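The values are calculated or read from the model by the stated rules, or taken from the named source; none is laboratory data. Note that the coordinates shown come from a computational prediction; the quantities given were computed from them, not determined experimentally. Here the Cβ is made from the backbone with ideal geometry for all residues, glycine too, and neighbour counts use every protein chain on show.
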Amino acid sequence: MTTVYVRERGAVIRKQGERLRVMSGDRELLHIPLADLTQLVLMGNVQLTTPSAIVLLRHDVDVVFMSYNGAYYGRLNPNTSKYADLRHKQLRLCDDAARSLALARRIVIGKVTNQRVVLMRRSDDLPEMTSAVQGMMAMYKAAEGARDLDQLRGYEGKAAAYHFAGLRLLVPAEWGFETRQYYPPPDPFNALLSFVYTLLRKDVEANLQLTGLDAYLGFFHTLGYDRPALALDLMEEFRAAVGDLVVLNLVRGGAGGITLSDFRRTSQEDTPIRMSDSAAEKLVAAYEQRLEERAQIPGANEQTSYRRIIELQARLARIVRGEAQDYQPLLLR
């Protein structure tokens, strides 16, 4: 997948033959061959001309609209009605309590496993970390025996609370991170987490779109208006493995790090924290770099990039069609 981000304020994307030109006034900022493009992410005040939109639809390029600070607005979608039969099967699977529970349990086990591994890799023998790690293991075992989805969601929620309590120990104290809050994020660390999770969501949704599954018909997350339940399901095993690690490395002084000077507080209730353009660019770059790193393919004895694993996991359509029975989540080692 070739992903291009456009963040230049006031930029206009125009079609020229079989390529796109990103223009700022009369100046060309970038030219993008359509043959190499699979996803175009427009962040902030970026304009897309009608001819450009049409050619992007014709080439099945995923076009995502986001704010400068990582809020998700929506995407340009081609006609997906050709997947009616698959989506009918997906809806029937959602209504099958036993099969949905089995699938949701694997999703939760993958998420909790990866959260524990992230904490254990970076604990630096912190004695305070023991409670979080042990609590997560208890929730892991409880999830394996969950009798229904509500009980499973309860165990997942408790595991997440342990995870973020442990994560707080790894975040420099001056960042003021206490726990996960996201409507809206009240501090810089939470703002970074929300941003990187939005990047992850756009990629999971893009791959679900390619397989023909409905991103709003999930098996673990509850169904609701404007809630992409299936995308949220498949994100779970990648939140810690990709998102949390990217943000931790940036705030703990990793290459291309982000500092508190990259943020300012506002008087706006819906956006109390704003990050600098530089911080957003660093986060996007670190996220894309993480996707190119390699991990073991679920259920196989070989490795590939996280980007490819997201694509493979989105092929949940095989389970929906009955071609496979057991979902194998990504498990960090």
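Quick check on Leu42: is it modelled with pLDDT of 90 or more, out of contact with any Phe, Trp or Tyr (no Cβ under 7 Å at 6 or more places or on another chain) and surrounded by 14 or more Cβ atoms within 10 Å (Cβ to Cβ)?
Judged against the criteria, Leu42 is not a match.
Condition (residue is farther than 15 Å from Arg239 by Cβ, in the same structural domain as Gly110 (by TED's automatic domain parsing), in contact (Cβ under 8 Å) with a residue 60 or more places away in the chain and surrounded by 15 or more Cβ atoms within 10 Å (Cβ to Cβ)) applied to the range 153-160: is it met by at least one residue?
Checking the range 153-160: at least one residue is farther than 15 Å from Arg239 by Cβ, in the same structural domain as Gly110 (by TED's automatic domain parsing), in contact (Cβ under 8 Å) with a residue 60 or more places away in the chain and surrounded by 15 or more Cβ atoms within 10 Å (Cβ to Cβ).
Just to be sure I understand the filter: pairs with C-beta atoms under 8 Å, separated by 6 or more residues or on different chains, first member in the range 166-186 and free of Cβ contacts under 8 Å to residues at least 24 places away in the same chain and in a loop (DSSP other than H, G, I, E, B), second member of a type in the set (Lys, Arg) and surrounded by fewer than 19 Cβ atoms within 10 Å (Cβ to Cβ). Which pairs pass?
Phe177/Arg168; Glu178/Arg168; Thr179/Arg168
If Leu223 meets every condition in (1) at pLDDT 90 or above; (2) within 21 Å of Arg106 (Cβ to Cβ) apart from one, which number is that one?
Here Leu223 meets the rest and fails (1).
Name the residues in the range 297-306 that are within 18 Å of Arg239 (Cβ to Cβ) and at pLDDT 95 or above, would you?
Ser305, Tyr306
If Thr271 satisfies all but one of (1) in contact (Cβ under 8 Å) with a residue 40 or more places away in the chain; (2) closer than 27 Å to Gly212 by Cβ; (3) among the hydroxyl-bearing types (Ser, Thr, Tyr), what's the number of the condition it fails?
Of the numbered conditions (1) in contact (Cβ under 8 Å) with a residue 40 or more places away in the chain; (2) closer than 27 Å to Gly212 by Cβ; (3) among the hydroxyl-bearing types (Ser, Thr, Tyr), the odd one out for Thr271 is (2).
Name every residue in the range 187-221 that is in a loop (DSSP other than H, G, I, E, B) and either at positive phi or in contact (Cβ under 8 Å) with a residue 60 or more places away in the chain (or both), in order of residue number.
Passing the criteria: Asp187, Gly212, Leu213, Asp214, Leu217, Gly218, Phe219, Phe220.
Going by the structure shown, is Gly212 closer than 30 Å to Leu86 by Cα and not assigned by TED's automatic domain parsing to the domain that holds Val64?
yes
If you take the residues of the range 296-321 that are small (Gly, Ala, Ser) and in contact with a helix residue (DSSP H, G or I) (Cβ under 6 Å, 6 or more places away or on another chain), which of them is farthest from Gly70 (Cα to Cα)?
Ranking the candidates gives Ala317 first.
Does the range 260-281 contain any residue that is assigned to a loop (DSSP other than H, G, I, E, B), at pLDDT below 95 and in contact with a Leu (Cβ under 9 Å, 6 or more places away or on another chain)?
No.
Here are the criteria: (1) of a type outside the set (Asp, Glu); (2) touching a helix residue (DSSP H, G or I) at 6+ places or on another chain (Cβ under 6 Å); (3) assigned to a loop (DSSP other than H, G, I, E, B); (4) within 20 Å of Leu170 (Cα to Cα). Tell me which single one Gly253 does not satisfy.
Only one criterion is unmet by Gly253, namely (2).
Looking at (1) of a type in the set (D, E, K, R); (2) loosely packed, with under 12 Cβ neighbours inside 10 Å; (3) in the same structural domain as Ser131 (by TED's automatic domain parsing), which is the one condition that is false for Arg116?
Of (1) of a type in the set (D, E, K, R); (2) loosely packed, with under 12 Cβ neighbours inside 10 Å; (3) in the same structural domain as Ser131 (by TED's automatic domain parsing), only one is false for Arg116: (2).
Those residues that are without any contact (Cβ under 8 Å) to a residue 12 or more places away in the chain, surrounded by 14 or more Cβ atoms within 10 Å (Cβ to Cβ) and either part of a helix (DSSP H, G or I) or β-branched (Val, Ile, Thr) (or both), I need them from the range 308-333; list them, please.
Arg308, the sole residue that qualifies.
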